[in-house]
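Here the structure is laid out as C-alpha cells; the discussion comes afterwards.
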C-alpha cells in the first residue's frame, strides 16, 4: 500500500478504520500526524518503490526545487541527481532498499529551472515495501563552505606569492651585494693601476728609461679603456634594470665587425675566426661588438693560455656566433645558468668580474629577437649567440 504524503492526500490512500477498533484508531491518528508533519516540514520527503520510482512527495519539493507533485509522481528518483553524484546516490539507494538506513548522503539535485542544489538525504526501507526518504537543503551552507575553501586557497596562493616575492627580494639583495662587490673590484683595479702609473710618471719620469715610460703609458691607456668598458657596462645594466635598453638596427656586415673586435682583443694572437666571406643582417653594431667582446673576454678569463675559436654560421633564417675555448669547461648542472645575471663560474676565482657580462650578451641577443646558450662539449666551453637575419617587428 502506498500512502500519499501531505495534507491533501486522498482519503482512499489511507487504511480503512473500524471505529470500534481502538488499535486501528490509534494507527490512523498516528498516520494523520505523520502526514501533517511531512506536509508542514521544510525538508523534502518522498516515497519510492523498490525501483526508485517516486510514488508520493510533500510540498517542500515545490518550494525547494520547484517540482510539483504531479511532475514527480512516476518519475525515477535518481534521475534528478547530478551525474557526478549519481554513483554514490545509487549505492545509497541500494543500501536503503536492502534494509540498511542511510544518513547524510549529500548530493546535488536539479531544480525545475535547471539549476543545482545541495541536499542531505536520509533513506530507510518502509512497509510496502517502499523506500522512505527525506532531504534537507544544504545549498547555502555548502556554498558558504565552498566559498570559505576557495578563499582559503586564494589566501594560500597569496601567501605563497608573498613568500616568493620575499625570496626574490632577498635573492635580488644578495645579487646586488655580489654585483656591487664585483663592480667595486672592477673599478678599483684599473683606478689603482692608473693612479700608480701616473704617480710614477709624475715624479720619476725623467729618471726612467724610455721603454719603461712607454710601458707605463700603455698601461694607463689599457686600464683607461678597461675602466671605460666597466662604466659602459654599468650604464647598460642600469638601463636594463629600468627596461630602457633598446636595439637600434642598421645594416651590418658581421664578419668584418667580429674581426675588428678580435683584432682589438688582448687575446687576439690566440683567437682564430672561421666564417664565410660576408654575412649581412640588420643589427645594432654597438651591441654586437659588446656581444663578441664579452664572449672573448669570458674565454680569456677562463682559459688564459689556450686557443680560442670564433665561428660564424649563417643560413637564410639566422646567424650563429660561437666562441669555444680550451679552459676547464662548464659543469653540466650550470649550463643553463651561464647567462644569468650575477652568476660567475667557480674556476675564475672570487674576482672574476661583475657577473653581468654574459647576462648583457643574452639581453642583447633577446633585443634582436635571438637567444644565447651554452653548448655541452667534452672539453672547454662553447657559447653560442643566435640572431635572426630579419628581426621580427
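The values are calculated or read from the model by the stated rules, or taken from the named source; none is laboratory data. These figures come from a predicted structure and were not determined experimentally. Because the Cβ atoms are built from the backbone with ideal geometry, glycine has one as well, and the counts that use them run over all protein chains shown.
Against the criterion of being farther than 23 Å from residue 363 by Cβ and touching a strand residue (DSSP E or B) at 6+ places or on another chain (Cβ under 7 Å), residue 256 does not qualify. The residues listed here are 133, 247, 164, 182; of these, the one that is at pLDDT 85 or above and more than 30 Å from residue 41 (Cα to Cα) is 164. Within the stretch 196-212, residues that are in the same structural domain as residue 224 (by TED's automatic domain parsing) have Cβ atoms under 7 Å from residues that are part of a helix (DSSP H, G or I) and modelled with pLDDT of 80 or more in these pairs: 197/216; 197/219; 197/220; 198/220; 200/216; 201/213; 201/216; 205/213, counting only partners at least 6 apart in sequence or on another chain.
Return yes when residue 57 is buried (at least 19 other Cβ atoms within 10 Å of the Cβ), within 14 Å of residue 135 (Cα to Cα) and in contact (Cβ under 8 Å) with a residue 24 or more places away in the chain and no when it is not. Taking the combined requirement at face value, the residue satisfies it.
The residues of the stretch 90-113 that are under 22 Å from residue 141 (Cβ atoms) and free of Cβ contacts under 8 Å to residues at least 40 places away in the same chain, listed by number, are 92, 102, 103, 104, 105, 106, 107, 108. Within the stretch 242-257, is there a residue that is more than 38 Å from the chain's Cα centre (by Cα), in contact (Cβ under 8 Å) with a residue 40 or more places away in the chain, surrounded by fewer than 19 Cβ atoms within 10 Å (Cβ to Cβ) and in a helix (DSSP H, G or I)? Yes; the residues of the stretch 242-257 include at least one that is more than 38 Å from the chain's Cα centre (by Cα), in contact (Cβ under 8 Å) with a residue 40 or more places away in the chain, surrounded by fewer than 19 Cβ atoms within 10 Å (Cβ to Cβ) and in a helix (DSSP H, G or I).
Of all residues in the stretch 68-80, those that are in the same structural domain as residue 133 (by TED's automatic domain parsing) have Cβ atoms under 8 Å from Cβ atoms of residues that are surrounded by fewer than 12 Cβ atoms within 10 Å (Cβ to Cβ), 6 or more apart or on another chain, in 76/51. Of the residues making up the stretch 383-391, one or more are in contact with a strand residue (DSSP E or B) (Cβ under 9 Å, 6 or more places away or on another chain), at pLDDT 90 or above and farther than 17 Å from residue 282 by Cβ. For the stretch 275-294, the condition holds for no residue, the condition being that it is over 27 Å from residue 390 (Cβ atoms) and buried (at least 19 other Cβ atoms within 10 Å of the Cβ).
Among the residues making up the stretch 357-393, those that are in a loop (DSSP other than H, G, I, E, B), surrounded by 20 or more Cβ atoms within 10 Å (Cβ to Cβ) and in contact with a helix residue (DSSP H, G or I) (Cβ under 8 Å, 6 or more places away or on another chain) are 368, 381. Within this structure, residue 305 passes the test of being at pLDDT below 85, under 12 Å from residue 267 (Cβ atoms) and surrounded by fewer than 19 Cβ atoms within 10 Å (Cβ to Cβ). Is it true that residue 141 is without any contact (Cβ under 8 Å) to a residue 40 or more places away in the chain and closer than 30 Å to residue 93 by Cβ? Considered against the rule, which asks whether it is without any contact (Cβ under 8 Å) to a residue 40 or more places away in the chain and closer than 30 Å to residue 93 by Cβ, residue 141 comes out as yes. Does residue 222 count as out of contact with any strand residue (DSSP E or B) (no Cβ under 7 Å at 6 or more places or on another chain), in a helix (DSSP H, G or I), closer than 25 Å to residue 308 by Cβ and in the same structural domain as residue 362 (by TED's automatic domain parsing)? So residue 222 fails the test. Restricted to the stretch 51-79, and to residues there that are touching a strand residue (DSSP E or B) at 6+ places or on another chain (Cβ under 7 Å) and part of a loop (DSSP other than H, G, I, E, B), the residue that is farthest from residue 98 (Cα to Cα) is 58.
Could you tell me whether the stretch 267-283 includes any residue that is out of contact with any strand residue (DSSP E or B) (no Cβ under 6 Å at 6 or more places or on another chain), under 17 Å from residue 233 (Cβ atoms), assigned to a helix (DSSP H, G or I) and outside the structural domain of residue 221 (by TED's automatic domain parsing)? No, every residue in the stretch 267-283 fails to be out of contact with any strand residue (DSSP E or B) (no Cβ under 6 Å at 6 or more places or on another chain), under 17 Å from residue 233 (Cβ atoms), assigned to a helix (DSSP H, G or I) and outside the structural domain of residue 221 (by TED's automatic domain parsing).
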